[in-house]
1. I'd like to check one number: the per residue accessible area of region 2-142, probe 1.4 Å, reported in Å² as a whole number.
2. Residue farthest toward the positive end of the dipole of region 1-160, with Cβ of Lys/Arg at +1 and Asp/Glu at -1: which of LEU83, TRP57, LEU121?
3. Along Cα→Cβ, 7 Å out, is where each label goes; now give me the distance between the ones at THR128 and LEU55 in nm to one decimal.
4. Applying the Karplus parametrisation 6.51 cos²θ - 1.76 cosθ + 1.60 with θ = phi - 60° to the phi angles of region 51-57, what ³J(HN,Hα) value in whole Hz is obtained for each residue in order, glycine and proline being reported as x?
5. Among THR2, GLN30, PHE40, whose Cα lies farthest out toward the positive end of the dipole of region 1-70, if unit charges sit on the beta carbon of Lys, Arg (+1) and Asp, Glu (-1)?
6. Run the 1.4 Å probe and let me know the accessible area of ASP4, rounded to the nearest 10 Å².
Amino acid sequence: MTADEERFTAIYDACRQRVWAYATARAGRQIADEVVSETFAIAWRRIGDVPEPALPWLLGVARNVLREGHRAEVRRAEVAEELWQHAPGPAGDVAEQVAERLGVLRALAGLSADDREILILTAWQGLTPRDAARVLGCSKTAFRVRLHRARRRLQQAVEQDGPQRAAAAPARTPRTERDQGVERVGHAA
């Protein structure tokens, strides 16, 4: 064992319990072990700088470790708050969102190819009316008229699909074991 290793071991054995007690008093038992580990890791890296007696220096290091931990926690909280401000609100029922999306896609599929193209250029491709008009080879005004009409037809198709979907959905009634057995026999044939 080298002289530095012997000195570090002696300092650790003499001061570990008191550094842990200090950290526990300041931050609680959950954080104390981490603070002690970090404090003695710093002491090992800087063993040549550790004065005699070592305890006041170690407690100063532990205090700095606690302070840095607190600053890091404050930064994490600030970042989390910033992210929450930009995060979308709580999502609704996923099944409802899927059903709504499927209804829109069905309605979109029922439109003419020209209407679909106009809606896709603006909604999915994110083109401005001027850029979309350029793609279609028409004026911006003509494109806006076409877009308005296509949106109206899509809205009508979605509204028509809603009642049809509700009427087409089978009524759910509890089934008996006998009903399920008959159904299994029917599927086997």
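1. On the way: 9750 Å² over 141 residues.
Per-residue value: 69 Å².
2. Checked the options; the winner is LEU121.
3. 7.3 nm
4. Ordered by residue, 3J(HN,Hα) equals x, 10, x, 7, 4, x, 5 Hz.
5. Of the candidates, GLN30 comes out farthest on the positive side.
6. 80 Å²
The values are calculated or read from the model by the stated rules, or taken from the named source; none is laboratory data. Because the structure is a prediction, the values reported are computed rather than measured. Cβ sites come from the backbone with ideal geometry, for glycine too, and all protein chains shown count toward neighbours. Protein only, heavy atoms only, side chains kept; ligands, DNA and RNA dropped before computing areas. Shrake-Rupley method; radii C 1.70, N 1.55, O 1.52, S 1.80 Å.
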